[in-house]
Structures are given as structure tokens and as C-alpha cells.
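> Would you mind keeping the following structure in view while I ask a few things?
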Protein chains: 2
Amino acid sequence: VNVGLVGAGPGDPGLITVRGLELLRACDVLVHDRLVAPELLDEAPPHAVRVSREGLSQESVNDLLVDYARLRQRVVRLKGGDPFLFGRGGEEALALARAGIPFEVVPGVSALTAVPAAAGIPITHRRLAAQITVVAGRTEHADFDADWHAIADQPGTLVVFMGLARLGEITAALLEAGKDPDTPAAVIARGTRPDQHVVRAPLRSIAQRAERLPPPALLVVGHVVSLSEILDAPRPAAAAHR
Amino acid sequence: VNVGLVGAGPGDPGLITVRGLELLRACDVLVHDRLVAPELLDEAPPHAVRVSREGLSQESVNDLLVDYARLRQRVVRLKGGDPFLFGRGGEEALALARAGIPFEVVPGVSALTAVPAAAGIPITHRRLAAQITVVAGRTEHADFDADWHAIADQPGTLVVFMGLARLGEITAALLEAGKDPDTPAAVIARGTRPDQHVVRAPLRSIAQRAERLPPPALLVVGHVVSLSEILDAPRPAAAAHR
């Protein structure tokens, strides 16, 4: 394997996988997302070349991975969360496959479960939610937007990635489509990190309450949010142990 | 922290988190799901009491965790996948919170991303899927079933957990609701494990093709499945490295 597409997890460095850390500690080249924990970057060997993905186009990242792999370097592409859940890892995997370069995908803990969990919210729960709808609030290409009307009708839990900048627009669309304005909602900013911020409010007011939170943030809408009143009561947060 | 609710990941023992392994190696009592990799059970200290969850009611498991924690034992509840994604971890967390016992939730890599990834399927992909619907094919309580008609209308990728026993019924409902019978689909059984089996077929025939696969299995429906023709071409599978 010349390239590892490795999920770094949601932010907390302890949430990388054992296999991901193993590849990271053995790499020659580390191409990383901007938001990956500094503790993880420090796990790469001292000799490793470190390249931040920031400011590079997706095509440039694809080319970098292919080029370094052809130089017979052990490359790790360290991505926030999971490579295949809004991580554009599929595009990198396709570029490698088309170039005939052996690669391994090491999945990561996604913000999808970990960030709500860090705020005391189980995204599924018996009698409250047996279905989840996951959607990107912002897409990389202007030709697409989610059908918020159809989404509003789905039962269970709604999780919106990358929706912070459009929070007012998204919640207005859900309300207009008939979603109950009293549905419990939460925005969790910088989830699992030491500077995590959580705002809980009914759907009708969550956008106004959460608009000043820093990215990245996850919007969670559904009755499971109310469990956090019990589960997020005073006790040490997971992140506090590290 | 007296109890850790730890996600073991999707099957491959290398996919547990660093933090999860740390708690596992320091526990006095290990209460584990049946399908957790034996390699992980071996990571608990030799003195640790091992209890399989098999055959126990959820209430008994809750009580066990509370009772052992009150004996001042360090308890790890090791659950397949992620504790809060169809893991009933919320019920265990509620029982602990109500008993006043400090606990930590350590999220895990869910089958949701990892199992399709192990078959060369990114569940999101630019221009193919920016939305995911996740649903349980079987629920623990008979009073609920998913609305397959509403689900059939959602764009993006559909992932069905625990649907193997009802594969024919689920795909028939999707087709009846107007889902394109040519939509690419896959069933991945025992994903990320050495005995992983993958069946790919259009929605119209996937149930018939996959009916003899062993549990646990994930059904994936959507155009992203077609990427596996490139991404799952001959190269070492992730699982083969361990």
C-alpha cells in the first residue's frame, strides 16, 4: 500500500483508529486537512514531509497523492472525520485507482455520531428515532441544493453538516415545509474539541441562538436532542479526559 | 469515570479508536456484544471479568453496568460499531446517568461508512450523493416500521441496517414506491471482517442475489455503488493487511 486515506476522526485526537495511527506513524509524506488536531500531526515521523491541504484545489490534492506515491513514498492523506462521509475521499480514491496506485481506506469516526454524542445526544434511540437523514448544508458545487421540504417530512433525526452559514435559511425552509417549530434542535460547534460549544433550542429559534458559533458545526434536529438534558448533565465530558 | 461505553468499530479490530483501546486495556469488567472481534476481547487485562451480552435483556445489561460500577470496578461496555447508531447505547447511558454513575461515551467507527468503504463504496460523492438516509430494517419493537414510500423518494444514498432477514420485503416496498429498479445496490455481509462477502446487483434483483448471505449485513442503494467497479478492483482490501 502506497497511500492511506485515513479518517482522523471528529477532532479529539484520541478518536483516531489504531490502524490509522499505525499508518500515520510510518509515513514519509503527510497531506492533511486544516482542522486535523495538531497532536495527530505530531505523530508523523520527524522526517515526514507535511503538506496542508489548505488553499489547494481538490485536483491538486489528487495529483500530489499520485506524484508522491510514484516517488515510492509512503503517503498518508489525513482527513477530518471519515474519508467517505462528505470528505471527498471518493475523488482521491478514484484518482489513485485510475493511476494504478495501491491504496487503503481507513475509515474514521464521523462527526455524525461523535459530535452529537459529545453533547449528550444519541442520534438513534428506541421509540424516539430509528431513522437518520444526513445532508450537507453547503455543497461544493452551486448546481445542487437539498430538498428541505422532503427532508422535513422524514421521521427520526436530521443531521446537517456544513450548515452554519445558512442556518437561518435551512431552518426557515424546514418550518415552511411544516416541521414542528417545537422540535428540539442543537448546534454543536467544534464538537469533541476542548473549545466545543453547544446551543440547544427549539427549531423555531435555533438559528438565531446559534448564529455566532464558530465553524465547523453540526445541526441536529429531532426528539433525541431532549435526551441531552439528562445525558449532558454535570459529569466530565469525554474531551476533558485527554 | 467508572463506565466507558466504547464503540468497537465495524468488525476489523484495527478500527477501534485509540481512546477505546486505552479504556479496554485498563478495565476490570468487560461487557461485550457477541460480534466484537476476539482480538479486542484479548486486549482486556487477564484479571478482567468478561461478560457476553448474548442472551441478556437490555434491562439486565443496564443493571449489570450499574451494579459493577457501584462495586468500584472500571467497567467497559464494548459495543459493535458506534454506541449511538442503532447500538442502544442511549439506553445504557440513561441508566447510568439516572444511577448517578460517571461514564464516558467513546464513539466508534460505524458500519455506516466503514462497511461500504470496505466494498469500494463511498456513501457520499460529489454529483452522485450529498444526502444519506439511514434506517433500521428490523426494529426491536413491533410497533414501528419505516415508511419505505417516503424513503424511496429521497435522493442520495440509502443505507439499511439489520435488513437481511427482510430484504425481499424492503426492496419490494422501494420498487412499489417508484424507486428505479436499475438503481445500483449492494449487500455487504460481515463487512471489514476476513470473511466479508459482497453482492452487487440492481435494486430489482439484489434481494434474490443476496438472500443467502450471513448476518450482519448492510444494504446500500444508490448510484455511489457503481463506483465500486473502479474502487474495488483488484488491490489488497483493507482487511487483508491485518
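> Of the beta bridges DSSP finds with both residues in the protein assembly as shown, what % are antiparallel, to the nearest 5?
Roughly 50 percent of the DSSP beta bridges within the protein assembly as shown come out antiparallel.
> Let me know the mean shielding of A:16-26 by other chains, meaning the per-residue number of their Cβ atoms within 10 Å of its Cβ.
Neighbouring Cβ atoms belonging to other protein chains average 5 per residue here.
> Something else about it: In nm to one decimal, list the spacings between the B:E169 label point and its equivalents in the other copies, with label points set 7 Å along Cα to Cβ, shortest first.
Nearest first, the other copies' label points are 4.2 nm away.
> Over the whole of B:97-106, what's the average partner chain Cβ count within 10 Å per residue? Rounded to a whole number, please.
Partner-chain Cβ atoms within 10 Å, mean over residues of B:97-106: 4.
> Right, something else. Would you please state which residues of region A:83-99 a label at B:I230 would reach in this model, taking the label point 7 Å out along Cα→Cβ and a backbone N cut-off of under 11 Å?
A:90-99
> Report, as a whole number in µm² per second, the diffusion coefficient that Stokes-Einstein gives for region A:76-146 at 10 °C and 1.306 mPa s using the Kirkwood radius over alpha carbon pairs.
The Stokes-Einstein estimate is 108 µm²/s.
> What's the carbon and sulfur percent of region B:58-142's accessible surface, probe 1.4 angstrom, rounded to a whole number?
C and S atoms contribute 46 percent here.
> Per residue, how big is the convex hull around the C-alpha atoms of region B:1-93? Give it to me in cubic angstrom, could you?
86 Å³
> Here's something else I'd like to know. Of the DSSP beta bridges with both residues in chain B, give the percent that are antiparallel, rounding to the nearest 5.
So the antiparallel bridges amount to about 45 percent of the total.
> Given DSSP loops and a limit of at most 13 other Cβ atoms within 10 Å, what is the longest stretch of chain B that contains no such GluC sites (Glu not before Pro)?
Within chain B, the longest run free of exposed GluC sites (Glu not before Pro) spans B:55-139.
> Percentage of Cα-Cα pair distances in region B:40-169 greater than 24 Å, rounded to whole percent?
44 percent
> Can you give the alpha-carbon Rg of the protein assembly as shown over 2.2 N^0.38 Å, where N counts its residues?
0.91
> Right, here's the next one. Using a 1.4 angstrom probe and counting only protein chains, how large is the accessible area of B:H32 in Å², to 10?
About 20 Å², rounded to the nearest 10.
> Turning to a different aspect of this structure: Heavy-atom accessible area of A:D153 with all protein chains present, probe 1.4 Å, nearest 10 Å²?
110 Å²
> Take every residue in peptide B:146-154, count the Cβ atoms of other chains within 10 Å of its Cβ, and give the average of those counts.
Average per residue, whole number: 3.
> Also, I was wondering about something else. As a test question: what accessible area, to the nearest 10 Å², does A:S60 have when a 1.4 Å probe is rolled over all protein chains in place?
About 50 Å², rounded to the nearest 10.
> Taking chain B as the reference, fit the longest principal axis to its C-alpha atoms, fit the long axis of helix B:167-176 to the helix C-alpha atoms, and give the angle between the two in degrees, 0 to 90, nearest 10.
Taking the Cα atoms of chain B, the angle to B:167-176 is about 50 degrees.
> Expressed as a rounded percentage, what relative contact order does chain A have, with Cα pairs under 8 Å and six or more residues apart?
20 percent
> What are the label-to-label distances in nm, one decimal and shortest first, from A:H47 to the same spot in the other copies, with labels 7 Å along Cα to Cβ?
Inter-copy label distances (nm, one decimal, shortest first): 4.2.
> Could you order B:V66, B:V1 so the one with the most accessible surface comes first? Probe is 1.4 Å.
Most to least solvent-accessible, the answer reads B:V1, B:V66.
> Oh, and also: Counting only heavy atoms of the protein chains, get the accessible area per residue of region B:1-60 (1.4 Å probe) and round it to a whole Å² value.
Per-residue accessible area for region B:1-60 comes out at 40 Å².
> Using a 7 Å offset from Cα along the direction of the beta-carbon, what are the separations from A:R70 to the same position in each other copy, nm, ascending?
6.7
> Hey, rough spin-label estimate for B:Q58 and A:D180, points 7 angstrom out along Cα→Cβ, what's it come to in nanometres?
For B:Q58 paired with A:D180, the spin-label model returns 2.0 nm.
> Roughly speaking, what is the centre-to-centre gap between region A:98-121 and region A:166-183 when only Cα atoms are used, to the nearest Å?
Their Cα centres are 28 Å away from one another.
> Further question on the same structure: Where does chain B land on Rg(C-alpha)/(2.2 N^0.38 Å)?
Scaled against compact globular proteins, the figure is 1.07.
The values are calculated or read from the model by the stated rules, or taken from the named source; none is laboratory data. The structure presented is a predicted model; accordingly, all values stated were derived computationally and were not measured. Because the Cβ atoms are built from the backbone with ideal geometry, glycine has one as well, and the counts that use them run over all protein chains shown. Surface areas here come from the heavy atoms of the whole protein model, side chains and all, with no ligands, DNA or RNA. Shrake-Rupley method; radii C 1.70, N 1.55, O 1.52, S 1.80 Å.
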